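Input: a single structure, listed below in structure tokens.
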Amino acid sequence: MEQILFTALLSLSLAVFGYSCYRRLALVAVGREDQRFDQPLVRFKEMLVYAFGQKRVISRPFGLNHGVIFWSFLVLALANGEFLIAGVLPGVSFSLLPEPLHRGLLFIFDCCSIATLIAVGVAAVRRVVNPPFEEARTFEAFFILSMIATLMLAYLGMNGAEIALGQKSPEGMPVSSLAAAFLLHLPLAGQLPQLPGVLWWIHALALLGFMNFLPYSKHMHILTAIPNVYLRRLGKSNTQEREEFSEGNSFGANSVDRLSWKDLLDSLSCTECGRCQNVCPAATTGKKLNPREVMHSIKENLLENGRALEKVRGDAVGEAYISLIGEGSTGGASEAALWSCTSCGACMEVCPAFIEHLPKIVKMRRHLVQMEAKFPEELLNLFENMEQRSNPWGMAPSERSKWSSQLTLRPFQAEETEYLLFVGCSGAFDARNKQVTVALTRVLDAAGVSYGVLGKEEKCCGESVRRLGNEYLFDVMAKEMVQQFRAKGVRKVITQCPHCYSTLKNDLRQYGLELEVLHHSELIKDLIGGGALKLEATAGEFGKVVFHDSCYLGRHNGVYDAPREVIREATGRAVTELGRNRDEAFCCGAGGGRMWLEEHEGTPINRNRVKEALAHNPGTICVSCPFCMTMFEDGIKEQQGSGVQVKDLAEVVAMGLKQA
Amino acid sequence: MIVVACIKQVPDTTQVQIDPVTNTLIRDGIPFIINPYDIHALEECLRLKDSHGFKTVALSMGPPNAEATLRKSLALGADRSVLLSDRVFGGADTLSTSNVIAAAIKKLAEEDEIGIVFCGKQTIDGDTAQVGPGIAVRLGYSQLTLVDRIEKIDLEAKTITVRRKLEGRYEIVEARLPAMITVVRELNRPRYPTVPMRLSSAKAQVECWSNAELKLDVNSVGLKGSPTWVSRIFSPERSEGEIVGDGMNDPVGAARLLVDRLIEGDMLAV
């Protein structure tokens, strides 16, 4: 009788579970195309390391706790599988296996059960005492934890009761034996014989209930996170897809069907662990942006609108939907939040499920700029200046070569000069960064590097406008630049700005131009290594040097060691590392076009970072990016009397040049 | 009702240099932009289009390449753009320019009633501020210059109330429609074109009217119709600068030196 009841219940549960999963997962099909199936071997390997190996998960506090639950869950899937089968077909169980193997499995299940129970307890206490983020104390979170605990307790209790009743041998089941001893001490009197049956049903109902709760909770990630890791963007997320500018097209995304299917899968894979918001320079300094909430709003929007969009798919008939952008509605990210992003990529670097937040934010910015022409008012001048004069300040292009008025520089000439020195707008126009350009040319000259400049003909790389969502303007600028570089025969480029660096290296590739681009830190490292550059250690000049990683050099392009080695060679001492360094470095606040926007909300991001640097009592804060330079110079000025100098690494190196 | 924005294509003056030999502007390779004040004139038309449903026409007199400027006005939302271009219009001063533009507006008035003609307060290349008032006089429209706010438009009574921004004071003026208004930059914040509008404007038709359409006496337009002409253009002479002090190594000393020099030259009030 019980067997029939359970079989019916199991069948129903599986059917409902299957249907729920299908309903939710099918929604991602409303998204646009995205190629995520290339290089299967690489993807499989990454999935083993990051999903099954939990590499990113365990690298942060309480990650190991999750690892224990995850790995135990995999092992206990065997036990639960046996449990379900035995419920339908009694007698079909692991006891049919050779005895040593059977005992071994029981031992492992026993250990995994108690490990999970402890881990769940730790997770519950953590969530009460010191949650990952303020709003993490949800009913859902505690409900899930108690569900898992119930499963473990029922499993151990069931075995314990059977051992106590002498129905099962205690051999190889230390935890269940303890449970048996515990049960024997309870004043259960004659009720002990019924206990295994009761606990069996509790276990069964908890298991089937948990299964059916999954698709409707953040624990959907149990099903989606592993495929999401497999389908991740391989390599660094340092460029963004192009748009095709022909009439009739729509640009950017303001509805879920304008995002890609992978964007939508990302939203269903969010574990709500809150790591992204804890590293986000905007979220941690009191801005409206919260990367976790952006993902959540996409998921909510998908659940609200997905059904309607599914029906109209193929007919090209738009159905009324709730906008992805906008406060107040279900599934909307506020404009203020979208404009707060510095595109630093910290959220993507830390996400254990490899969710890609930045491309979604950029897609929504694209919609605002390109479809609605809605953006913070400072950007109007920026866009006009970029379009008319190809620099952010609207300076006359004829002023571009004035930084070198005291120097004699050669124009770049194909075949004759090896490198193009791409000065960049900051290096050409900004008073402080012009000094860096001069220092860099002194270093290059001392090492005998063959280089030339474009002078007045140089144009802005367009990085800021691209990150700000003005893809149309970037497209125009990029095409012009590719044409110019081809005409001039440019192949190898030196940049001092990581934003130019990343654009020339990664973005222009989309336009068919492959350049060998070196950030000055990489080139100087090679020059020192090759013996072309001889330096005198100048530690005395700079005192203790702390180094701030540029997001576009570090996280987006993986250049962490070159600047450190250069500074060590130049000063004779290793740099002092900030607490948040390398891939965990905290943005200066100027990326993603924020360089050109006022910071109205919360505390300034640069103040946060400058304070972190000053806590080390440095003599010098060393940077490798003109935007970081500006943010640190401004931040240091605020902290009056600190006496700390901000230097680009080229300046540090120039100081150590041997006087010939 | 039609609202007209008069816009002019001007060389980007921060990039203009004067040929020292011929004393003329070097126009080769210099990018052209919409006269910055005219963008505010166009913006105000577009706002009236949004709020009142008026039809917006952008009007410009210039060489054929001024079409790019008019195309931008279409991208921003103008319903129609008309380029007044003919060899006989060339070499015009402000008087003959206003003759041509006034004739074009009269032609537009044959199609629908003209409400307001907006002009920038002046152009950045000529700086005369005469064309707008010239148009008003020739058409007999009310003339409202230096407007920084439109207070009220009463279509029943056919009147408009505006605020004029003058030296140290404001003036609220009521006038009959149709009116010619020249605008200052404080009037509004110009919009940015959306990409779909840019793409559709790239293919849109910019109408071109020559004197065949306007039928003006050739002696009243172009060089022939101009009682004034530019006889010479030159940059004021500037003395060579000099580098004083050593700001890189001794900023304090350099600052002191600079202040002393400024006081010596009586350029600083102390």
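Bear in mind that the values in this text are calculations on the coordinates, not laboratory data. Since we're looking at a predicted model, the values are computed, not measured. Every residue, glycine as well, gets a Cβ built from its backbone with ideal geometry; the counts of neighbours run over all protein chains shown.
Just a few scattered comments:
- The separation of segment A:570-647 from segment B:141-171, counted between C-alpha centres, amounts to 50 Å.
- Residues residue A:142 and residue B:128, FRET efficiency given R0 of 60 Å [Cβ-Cβ distance, rounded to 0.05]: 0.20
- Residue of B:89, B:234, B:54 that the Gaussian network model of chain B assigns the largest fluctuation, springs spanning Cα pairs under 10 Å: B:234
- Summarising the label geometry, the points placed 7 Å from Cα in the beta-carbon direction at residue A:402 and residue A:640 lie 3.0 nm from one another.
- Above-threshold pairs, the threshold being 19 Å between Cα atoms, out of A:45/A:505; B:49/B:215; A:55/A:236; B:107/B:215; A:262/A:363; A:262/A:360: A:45/A:505; B:49/B:215
- Whole-angstrom gap from segment A:215-292 to segment A:438-482, using each part's C-alpha centre: 30 Å
- Between residue A:74 and residue A:372, the FRET efficiency estimated from the beta carbon spacing at R0 = 51 angstrom works out to 0.60.
- The fewest-to-most ranking of A:16, B:131 by surrounding Cβ atoms within 10 Å reads A:16, B:131.
- Within a straight-line Cα-Cα reach of under 13 Å, residue A:459 can be paired with the following aspartates and glutamates, leaving aside sequence neighbours fewer than 8 residues apart in one chain: A:387, A:399, A:480.
- Angle between chain B longest axis and helix B:67-76 axis [Cα atoms, degrees, rounded to 10]: 80 degrees
- Most mobile listed residue (B:240, B:151, B:43) in chain B, GNM with C-alpha springs under 10 Å: B:240
- Under the combined filter of DSSP loop state and at most 10 neighbouring Cβ atoms within 10 Å, segment A:1-98 retains these GluC sites (Glu not before Pro): A:33.
- Where trypsin sites (Lys or Arg not before Pro) fall in DSSP loop in segment A:19-100, at most 10 other Cβ within 10 Å: none
- With contacts taken as Cα pairs under 8 Å and at least 6 residues apart, chain A reaches a relative contact order of 12 percent.
- Note on residue A:217 and residue A:15: the model spin-label points, each 7 Å out from Cα along the C-beta direction, lie 2.5 nm apart.
- Among beta bridges that DSSP assigns inside the protein assembly as shown, antiparallel share in %, nearest 5: 30 percent
- Rounded tilt (10° steps) of A:378-389 against the dominant C-alpha axis of chain A: 50 degrees
- Inter-part distance, segment B:46-69 to segment A:124-186, computed on C-alpha centroids, equals 75 Å.
- The helix-based estimate of mean residue ellipticity at 222 nm for chain A, built from -39,500 (n - 2.57) per DSSP H run of four or more residues and divided by its residue count, is -16000 deg cm²/dmol to the nearest 500.
- Take every Cα pair under 8 Å whose residues are at least 6 apart in sequence, average their separation, divide by the length of segment A:340-429, and the relative contact order is 16 percent.
- Residue with peak Gaussian network fluctuation, chain B [Cα springs, cutoff 10 Å], from B:76, B:155, B:223: B:155
- Approximating the spin labels as points 7 Å out from Cα along Cα→Cβ, the residue B:151-to-residue B:208 distance works out to 4.5 nm.
- Sequence of A:503, B:194, A:437, A:620 once ranked by neighbouring C-beta atoms within 10 Å, starting from the fewest: B:194, A:620, A:437, A:503
- Each Cα pair under 8 Å and six or more residues apart adds its sequence gap; the mean of these over the residue count of chain B is a relative contact order of 23 percent.
- When you filter the GluC sites (Glu not before Pro) in segment A:457-509 for DSSP loop state and at most 15 other Cβ atoms inside 10 Å of their Cβ, nothing is left.
- By other beta-carbon atoms within 10 Å, ranking B:181, A:202 with the fewest at the front produces A:202, B:181.
- Helix A:357-366 axis, angle to chain A major axis (alpha carbon atoms, nearest 10°): 60 degrees
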